[in-house]
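This report concerns only the one structure given below.
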Amino acid sequence: MRKAKLLLIRSELGAGTRGASMGIDALKIAAIDLGSDYFRRHDDVEIVDENWLLLEKVKFKYAKRIRGIIKIYERISKNVARVLKKPGTFPIVLSGDHSSAGGTIAGIKAAYPDQSIGVVWIDAHADLHSPYTTPSGNMHGMPLAAALGEDNL
């Protein structure tokens with residue numbers, strides 16, 4: 001049986017409102033309240049966020065905070081790939097920011113570059129927007145399009 005490695009991503013860059021970073025702590029509190037030791041049983045890695053960018057003026061109206069999102073994608077991808085390549089381990093990515101999914105998918109592909117991978121996407125919407133179709137400019141609506149290389153031009 002593979003051992004889970006929790007990757008904790010407290011990024012809030014992708015959403016248009018604050019609060020996504022609190023999801024991990026909400027899960028931990030709920031687990032404790034239910035008597036679960038889940039978070040104590042598994043090692044975790046905190047992925048460094050770029051939330052300080054929320055205090056700066058948005059430079060790209062149709063891909064808000066894209067430079068920070070790219071940094072987060074790279075960190076997530078690197079960590080997901082590293083965990084998958086380590087025998088007997090499996091990553092569980094916890095994040096409230098939908099944009100983190102793009103880095104997760106990139107990490108799986110980095111770990112298995114010669115294999116076809118599949119994704120089961122469970123969400124209220126497909127997150128298939130691009131900077132050309134987004135109504136908000138928020139990157140949390142774009143990770144699946146980014147993973148597919150779809151720019152909607």
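Taken together, the values in this text are just the output of simple stated rules run on the coordinates, not laboratory data. In this text the structure is predicted, and so the values were computed from the model without any measurement. So basically every Cβ, Gly included, is an ideal-geometry build from the backbone, and we count neighbours across all protein chains shown.
Descriptive notes on the structure:
- With both labels modelled 7 Å from their Cα along Cα-to-Cβ, the Asp25 to Glu46 distance reads 1.1 nm.
- With contacts taken as Cα pairs under 8 Å and at least 6 residues apart, the chain reaches a relative contact order of 30 percent.
- Pairs exceeding 19 Å between alpha-carbon atoms, taken from Lys5/Lys28; Lys28/Lys64; Lys78/Lys109: Lys28/Lys64.
- Per-pair calculated FRET efficiency, R0 = 41 Å: Ile117 and Thr17 via Cβ, rounded to 0.05: 0.85
- Under 5 Å from the amide H of Val93 lie the amide H atoms of Leu7, each residue being 5 or more positions distant or on a separate chain, with H modelled from the backbone and absent for Pro and chain starts.
- Karplus 3J(HN,Hα) series, Hz, for segment 38-47 with 6.51 cos²θ - 1.76 cosθ + 1.60 (x for Gly, Pro): 3, 6, 7, 7, 10, 5, 9, 10, 8, 7
- 3J(HN,Hα) along segment 5-20: 10, 7, 10, 9, 10, 9, 5, 10, 5, x, 8, x, 10, 7, x, 4 Hz, from the Karplus curve 6.51 cos²θ - 1.76 cosθ + 1.60 with θ = phi - 60°, whole Hz, x for Gly and Pro.
- Each residue of segment 131-138 was assigned a 3J(HN,Hα) from its phi angle through the Karplus expression (A = 6.51, B = -1.76, C = 1.60, θ = phi - 60°), giving x, 8, 10, 5, x, 10, x, 6 Hz with x at Gly and Pro.
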